[in-house]
2 protein chains.
Amino acid sequence: MELRHLRYFCMVAEELNLTRAAAKLHMAQPPLSRQIKQLESEVGAELFERSARGLRLTPAGQFFHEHTLQILDKVDTTIAATQRLARSKRVMFGIGFVPSVFYGQLPLLVRELRQKDNVELVLAELTTVQQVKALKSGRIDLGFGRMRIDDPDVEQENLFDEPLMAALPEGHPLADTKPTLAQLAEYPLVLFPAQPRPSLADMTLGLFRRRGLKVTVAQEANELQTALALVASEIGITLVPEQVKRVQRDGIVYVYLADPGLTSPVICSRRKGEAPSPIMQEANAILEVLVENRRSGRYP
Amino acid sequence: MELRHLRYFCMVAEELNLTRAAAKLHMAQPPLSRQIKQLESEVGAELFERSARGLRLTPAGQFFHEHTLQILDKVDTTIAATQRLARSKRVMFGIGFVPSVFYGQLPLLVRELRQKDNVELVLAELTTVQQVKALKSGRIDLGFGRMRIDDPDVEQENLFDEPLMAALPEGHPLADTKPTLAQLAEYPLVLFPAQPRPSLADMTLGLFRRRGLKVTVAQEANELQTALALVASEIGITLVPEQVKRVQRDGIVYVYLADPGLTSPVICSRRKGEAPSPIMQEANAILEVLVENRRSGRYP
DNA sequence: CGGAGCCATACCCTGGAGGTATCATGGAGC
DNA sequence: GCTCCATGATACCTCCAGGGTATGGCTCCG
């Protein structure tokens, strides 16, 4: 499949008439007809319903159209942005992160770096394992995760340890308390993220298991927002890093845990033994402030 | 430009060696060399620095690589999802929205609809004007905006009126008050969204102007998050619809206004005179509950 | 029932993608 | 400083696939 197919498809999906679409594309109708057929066979789905009086999009076709527009748009903006970057002599700086570190101060780092006019920031949501690979390949320059991974080419730094909190539905019996894990184990659990493993989910399970507590998993969720929605719907409770409490939601309360030492680290990864670029130095300076603010409990 | 170019580019960017990349792509080196050159000329930027000992990505090349990966990934997932959709006989349902309506109950609608296993939801961030076009073309089935637009093929319904609130930096003199517009006019304003106009920004300006108040615009911002960051940095204050107060941020407080009748509507658009599909009926039912919850002050 | 509109099929033609052979270049090794 | 080798660039050829033309077949409409 080529972009050509997508361009043709978009035009046909808009016109719903091969002859007219072909005219707009400055080509004859038969080859367009053929390309569309070819696209359908490559995608492996009927995209149009043919009738003697024009075409109609199938549901799959509608879906494909929507995403095709997004793809073509992304292609255009990528080209434009690349040109701009080439002309401006700016430099790229890539940051990888796992979703759960992106609720706290990390956005501040991003915002500060974005304001530098000599750097083009690229963000990528990556698991900690993917971050190591992305660091080595130069796709990213800095990674934020929650797991320690041994790799000779990557150095890791523990920025800080975050307490875990329990997210409870409003009005829950433990809502105004500082419960122990044992108390929480009485209630069904919403596990997240379900994919990819290993993750916070396994850590959560491990915490309970190590204490000999048996838990019921009521439901798994992939995204924080889903997990919180499930909690708000009283399907279960869940454990989250402290940063998440920034996500205020009606129907949810966060409580600290009575058990000491229940923390999840935020770990920063870099390529080992590389002289820090000017941007990296800036990032380090900002990070230092953020970590210091966190330690002192002061926020910007 | 074709996807072929992007596929080749990705391989070369990973190998940083034309000969090896060509081997992996099961082709000879010279045509690959040519295709890469062609890509560079079409993009209008040098993507590689050539040396006698392999290639190196330029900053623009790094940026392009990152986004190319995303594009190719999106192509693959789109094809896979389209196939699934075609096999499952599910139906597509598109929702367009302006960002500022997406902080309140709307996510609840999305979540509920997503759980139906006969519907594939597609979300698109669109301005109210774009929504009208997208409705007509069938790209979306339901639109949520903040402006009334007259169009014979589209019917609009005012779901509810939302009070406007002022977002102030923590510790601001008016922070614990219920200020009037006149009081707020004393302080510089952060205007948002700056693009596209007309928007909430013009409404804000209009509110002040109609009362004969002169305001200073300290800064414009395109995104809510930026606007709030500027407010937190004490660059100015801004007016936001009530839903936004869900976005809790350190350094920001929201206060209601003393002036009565300062509201921003949430308007729902549909194609006129179309028999509601089963999914549309479900959506309507959910919407009714949401609106009712809002009126009664009860939240799910 | 005939014509108009539209998509599909059959067949031809040509541009460009890919192949082969070879050149140009610069760093490594002696 | 010379040679060798790895690597990318260039030149030229081949052939296939994308696009064109002609035409058939199906529906809907008057």
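The values are calculated or read from the model by the stated rules, or taken from the named source; none is laboratory data. Every value quoted in this text rests on a predicted model; they were computed, and no experiment measured them. FYI the Cβ positions are ideal-geometry reconstructions off the backbone, even for glycines, and counts take in every protein chain you see. To get the accessible areas, we keep the full protein, side chains included, count just its heavy atoms, and leave off ligands, DNA and RNA. Shrake-Rupley method; radii C 1.70, N 1.55, O 1.52, S 1.80 Å.
Once the gyration tensor of the Cα atoms in region A:114-204 is diagonalised, the equivalent ellipsoid follows with semi-axes of 35, 17, 13 Å, ordered largest first. Each semi-axis of the equivalent ellipsoid for region B:3-86 is √(5λ) with λ an eigenvalue of the Cα gyration tensor; in descending order they amount to 25, 15, 11 Å.
For the residue pairs B:LYS178/B:LYS245; A:LYS136/A:LYS272; A:LYS178/A:LYS245; A:LYS89/A:LYS136; A:LYS214/A:LYS245; A:LYS74/B:LYS133, the C-alpha atoms sit more than 18 angstrom apart in A:LYS89/A:LYS136; A:LYS214/A:LYS245; A:LYS74/B:LYS133. Normalising the Debye intensity of chain B to I(0), with uniform scatterers on Cα atoms only, and taking log10 at q = 0.07, 0.08, 0.14, 0.15 Å⁻¹ returns -0.43, -0.54, -1.05, -1.10. Converting phi to 3J(HN,Hα) with the Karplus coefficients 6.51, -1.76 and 1.60 and the offset θ = phi - 60°, region A:159-164 yields 5, 6, 9, 9, x, 8 Hz in sequence order, with x at every glycine or proline. Residues in region A:111-118 carry Karplus couplings, in order, of 4, 5, 5, 4, 6, 5, 8, 10 Hz; the curve used is 6.51 cos²θ - 1.76 cosθ + 1.60 with θ = phi - 60°, and Gly or Pro positions show x.
Seen from all sides and averaged, what is the projected area of the convex hull of the Cα atoms in region A:111-158, in nm²? Numbers along the way, then the final one.
On the way: hull surface 15.8 nm².
Projected area, direction-averaged: 3.9 nm².
Backbone amide hydrogens, once placed in the peptide plane, bring B:VAL154 within less than 5 Å of B:LYS272, excluding anything fewer than 5 places away on its chain.
With the contact rule set at Cα under 8 Å and sequence spacing of 6 or more, what percent relative contact order holds for chain B?
On the way: 435 pairs, mean separation 58.0, N = 300.
Reported relative contact order: 19 percent.
If only the Cβ of Lys and Arg carry +1 and only the Cβ of Asp and Glu carry -1, the dipole of chain B around its Cα centre is close to 720 debye. For region B:84-134, the list of chymotrypsin sites (Phe, Trp or Tyr not before Pro) that fall in a loop by DSSP and count at most 11 other C-beta atoms within 10 angstrom is empty. With equal scatterers on the alpha carbons only and no solvent term, can you work out the Debye log10 of I(q)/I(0) for region B:162-264 at 0.17, 0.24 1/Å? Relative scattering, expressed as log10 I(q)/I(0), comes to -0.68, -1.55.
Along each principal axis, taking the top coordinate minus the bottom one, the Cα set of region A:39-160 gives 66, 36, 28 Å in descending order.
How large is the dipole of region B:30-173 about the Cα centre if only Lys and Arg carry +1 and Asp and Glu carry -1, each at its Cβ, rounded to the nearest 20 debye?
Details: 18 positive and 20 negative charges, 172 e Å.
Rounded to the nearest 20 debye, it is 820 debye.
Please state the shape class of region B:174-229: rounded when a/c is under 1.5, otherwise prolate if a/b exceeds b/c and oblate if not, all from the C-alpha gyration tensor. Verdict is oblate for region B:174-229.
Only one residue of B:LEU55, B:THR68, B:LEU25 has its Cα farthest out toward the positive end of the dipole of region B:3-86, where Lys and Arg carry +1 and Asp and Glu -1 on Cβ, and that residue is B:LEU25.
Can you tell which of A:ALA229, A:ILE286, A:TYR256 lies farthest toward the positive end of the dipole of region A:197-300, using +1 and -1 charges on the Cβ of basic and acidic side chains (Lys, Arg; Asp, Glu)? Of A:ALA229, A:ILE286, A:TYR256, it is A:TYR256. Taking chain B as a Gaussian network of alpha-carbon nodes connected by springs under 10 Å, the highest mean-square fluctuation of the residues B:SER51, B:SER100, B:SER264 belongs to B:SER51. Scattering from the C-alpha atoms of region B:215-300 alone, worked out with Debye: what is log10 I(q)/I(0) at q = 0.17, 0.18, 0.21 1/Å? Listed by q, the Debye log ratios stand at -0.91, -0.96, -1.10.
Return a whole-number percent for the relative contact order of region B:66-196, with Cα pairs under 8 Å and 6 or more residues apart as the contact set.
Numbers: 98 pairs, mean separation 28.6, N = 131.
The normalised contact order for region B:66-196 reaches 22 percent.
Using DSSP to call loops (not H, G, I, E or B), can you name the trypsin sites (Lys or Arg not before Pro) in region B:101-184 whose Cβ has at most 16 other Cβ atoms within 10 angstrom? Show your work: numbers first, answer last.
On the way: sites: B:ARG111, B:ARG114, B:LYS116, B:LYS133, B:LYS136, B:ARG139, B:ARG146, B:ARG148; in loops: B:LYS116, B:ARG139, B:ARG146, B:ARG148.
Counting only loop positions with at most 16 other Cβ atoms within 10 Å, the trypsin sites (Lys or Arg not before Pro) in region B:101-184 are B:LYS116, B:ARG148.
For the protein assembly as shown, the residue among A:ILE36, B:THR177, A:ILE140 whose Cα projects farthest onto the positive side of the dipole built from Cβ charges is A:ILE36. If only the Cβ of Lys and Arg carry +1 and only the Cβ of Asp and Glu carry -1, the dipole of region A:1-79 around its Cα centre is close to 320 debye. Mind checking Rg over Rh on the protein assembly as shown, alpha carbons, Kirkwood formula for Rh? Rg divided by Rh gives 0.97.
Give me the summed buried accessible area for the B-A pair, 1.4 Å probe, to the nearest 100 Å².
Working: alone 16550 and 16500 Å², together 28620 Å².
Answer for the B-A pair: about 4400 Å² buried.
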